[in-house]
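For reference, the structure is listed below as structure tokens.
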Amino acid sequence: VAPSTPVCEVPSSAMTGTVVQMSCKETESSPPSEYQWYKNGVALLEKTGTGSARAANITYTMNRKSGTLLFNTVTKNDTGEYFCEASNGIGLSQKCSVKRMQV
């Protein structure tokens, strides 16, 4: 079963240095969807525990299975427009509406 449109939870504002968790979920798909977060239209990289993520100065953890995007400490650089996409390899992937977070 193809994914339905996911529900995204993105805070509209956050204080610098706080923990922010965004979530993305849809329940129709079988097999379960994997989720990909985007910021300003660009796919966010998944932190894999290798040196490349640190080199790219990644301050978040993205879980493709649960759809969560967790920032341990947000900075002004994290301000932007976020959305997520659900896909399970069946039918078209589905995106939630873009939401802006101001830090």
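Per-structure values
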item	result
Scope the stretch 19-49; condition under 11 Å from the mean Cα position of the chain (by Cα) and small (Gly, Ala, Ser); matching residues	Ser23, Ala43
Failed criterion for Ser66 (all others in (1) closer than 16 Å to Ser4 by Cα; (2) in contact with a Pro (Cβ under 8 Å, 6 or more places away or on another chain) hold)	(2)
Near pairs, Cβ below 6 angstrom, 6+ apart or cross-chain, from the stretch 72-97 (on the phi > 0 side of the Ramachandran plot) to any residue that is surrounded by 13 or more Cβ atoms within 10 Å (Cβ to Cβ)	Gly80/Lys39; Gly91/Ala2
Wholly enclosed strands (runs of 3 or more DSSP E) of the chain bearing at least 3 residues open to solvent by less than 30 Å² (accessible area, probe 1.4 Å) and modelled with pLDDT of 95 or more	20-25, 34-39, 80-87
First in the stretch 5-16 and free of Cβ contacts under 8 Å to residues at least 24 places away in the same chain and under 16 Å from Gln102 (Cβ atoms), second anywhere and open to solvent by less than 80 Å² (accessible area, probe 1.4 Å) and among the hydrophobic types (A, V, I, L, M, F, W, C), Cβ under 7 Å, 6 or more apart	Glu9/Met22
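The values are calculated or read from the model by the stated rules, or taken from the named source; none is laboratory data. Keep in mind that what you see is a predicted model, and the values were worked out from it rather than measured. For neighbour counting, all protein chains shown are included, and Cβ atoms are generated from backbone atoms with ideal geometry for every residue, glycine included. In case anyone asks, the SASA skips ligands and DNA or RNA and just uses the protein heavy atoms, side chains included. Shrake-Rupley method; radii C 1.70, N 1.55, O 1.52, S 1.80 Å.
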